[in-house]
Amino acid sequence: MKYYIIAGEASGDLHGSNLIKALLTKDKDADIRCWGGDLMQNAGGTLVKHYKEMAFMGFIEVILNITAIFKNIKFCKNDIEKFSPDAIIFIDYSGFNLKIAEWAKKNNFKTNYYISPQIWASREGRIEKIKRDIDAMHVILPFEKEFYEVKHNFPVHFVGHPLIDAISTRKITSENTFRDENNLGEKPIIALLPGSRKQEVQKMLNIMLSIVPYYPNYQFVIAGAPSLENDFYATFLQNPNIAFVKNKTYDLLTYATAAMVTSGTATLETALFKVPQVVCYKANWISYQIAKRIITLEYISLVNLILKKEVVKELIQDDLNTKNLKSELEKILNGSYRDQLIQDYQLLEKKLGGQGASEKVAELILKNT
């Protein structure tokens, strides 16, 4: 069969690559065309457009790039029409994907959504578009099944979280090798995960690095995003106690003592590696004011949302400053607070279900196409 997969971010590229591998295993004649990144291409998909060309963050940034977005939508529709897939699979990236889904449904393509738009966080009214345009929804968070089926009477499949698979199947680099290859000394590591888009990294990283002088006995290591060039990070590496690694985030989290993490999927990854963390988020003022009025959640991190309580500290907007970061980092480096965090992480992992999310999705798509 022919499959068309659309992912628009680094996390979607990761999960899309594992889905491609599963589809190719279960369907020997699979022909897969995709929007995503290097991982999806390396897994066996024919890459149409790289997510680096589509990474627009926040309301203002979207408006400034609206012409490029509309060109991408038109190009995508034309490409799907020429390819004529048996199934289209949307991975997150809701602003773009729901527009394509509406057109695809009208043109009688089979539509699957893997990794739901976060309509439980904002703009819940989009449920009507999902009901109308999506044939099958595959969700990865335990509370999403109840949200869709109980609150909105829309059947979905809970397949477990694909990060469980991504982490469990990773190639493990020894700590000595990891430190040697990346010129890291023997000091304990504090990992910095400032995001994957240029705008958010610029907002977040300088604030994170402001606490470096207070911790001379630790080394701070920045996890470079695959979507950004190494040169972009050069201005942040002036202090000898600050290091940089690229495409080594899982190795970094394996050996980190603590982490400061920009809100998003990375907060969940950090928790699954059992690394105590402080969650950080700061947007431009206008984008934040808009978001504050449409987001209905009590928490912004997936860790807290899944466990339905404040497990990790969230420093948002003006609360994200040197003083607060230093205070929260002190708590997670030592003592009972750190121990409790790790216990909560273990409960979190149980709630996410077992391994095999990609295989389950592939089986469901094959069965229902």
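Just one of (1) 5, 23, 33, 26, 10, 2, 0; (2) 4, 12, 12, 12, 11, 10, 9, 8, 6, 5, 4, 2, 2, 1, 1, 0, 0, 0; (3) 5, 21, 25, 22, 16, 8, 3, 1, 0 is P(r) over Cα pairs in 10 Å bins from 0, in percent calculated from these coordinates, so which is it?
Comparing each candidate, only (1) matches the computed number.
Express the accessible area of the chain per residue in Å², computed with a 1.4 Å probe while the remaining protein chains stay in the model.
On a per-residue basis, the chain sits at 45 Å².
Rounded if a/c is under 1.5, else prolate if a/b beats b/c, else oblate: with a ≥ b ≥ c from the C-alpha gyration tensor eigenvalues square-rooted, which is the stretch 202-277?
oblate
Take the cross-link list K110/K308; K49/K171; K26/K274; K203/K308; K82/K145 and give me the ones stretching past 31 Å between alpha-carbons.
Pairs exceeding the cut-off: K110/K308; K26/K274; K82/K145.
Helix hunt in the chain: which complete DSSP H runs extend at least 20 Å axially by C-alpha with mean Kyte-Doolittle at least 0.0?
Within the chain the helices that satisfy the rule are 10-26, 66-83.
Work out, step by step, the length gained on full extension between T25 and T169: first 0.36 nm times the residue separation, then minus their alpha carbon distance; give nm to one decimal.
Full extension from T25 to T169 adds 50.2 nm.
With runs of 4+ DSSP H residues as the only contributors, calculate the mean residue ellipticity of the chain at 222 nm using -39,500 (n - 2.57) per run, divided by the residue total and rounded to the nearest 500.
-13500 deg cm²/dmol
Considering amide H positions built from the backbone, and no H for Pro or chain starts, which residues 5 or more places from F244, or on another chain, come under 5 Å of its amide H?
I222
So what is the relative contact order for the chain, in percent, with contacts set as C-alpha pairs under 8 Å and at least six apart?
Relative contact order here is 16 percent.
Check I5: other-chain or 5+ apart residues with amide H under 5 Å from its amide H, H built from backbone geometry?
Sorted by chain and number, the residues that satisfy this are R33, C34, W35, I89.
Once the dipole of the chain is set up with Lys and Arg at +1 and Asp and Glu at -1 on Cβ about the Cα centre, which of W120, I130, P240 lies farthest towards its positive end?
I130
Given 0.36 nm per residue, what is the gain on full extension from H152 to Q343 after removing their alpha carbon distance, in nm?
Result: 65.4 nm gained on full extension.
Please calculate the 1.4 Å probe accessible area of W35, with all protein chains present, and give it to the nearest 10 Å².
Result for W35: roughly 0 Å² accessible.
Here are some pairs, K2/K246; K282/K323; K2/K248; which of them have Cα atoms lying more than 22 Å apart in this structure?
K2/K246; K2/K248
I need the shape label for the stretch 151-259. Rule: rounded when a/c is under 1.5, else prolate if a/b > b/c, else oblate, with a, b, c from the alpha carbon gyration tensor.
Judged from the Cα gyration tensor, the stretch 151-259 comes out prolate (a/c at least 1.5, a/b above b/c).
If amide hydrogens are placed 1.01 Å from N in the peptide plane, which non-local residues have theirs closer than 5 Å to the one on K313?
V279
Once the piece of chain linking Q317 and D231 is laid out straight, how much longer is it, given 0.36 nm per residue of separation minus the C-alpha distance between them?
28.3 nm
The values are calculated or read from the model by the stated rules, or taken from the named source; none is laboratory data. The structure presented is a predicted model; accordingly, all values stated were derived computationally and were not measured. Glycine also receives a Cβ, built like all others from the backbone with ideal geometry; neighbour counts cover every protein chain displayed. Ligands, DNA and RNA are excluded from the accessible area calculation, which covers all protein heavy atoms including side chains. Shrake-Rupley method; radii C 1.70, N 1.55, O 1.52, S 1.80 Å.
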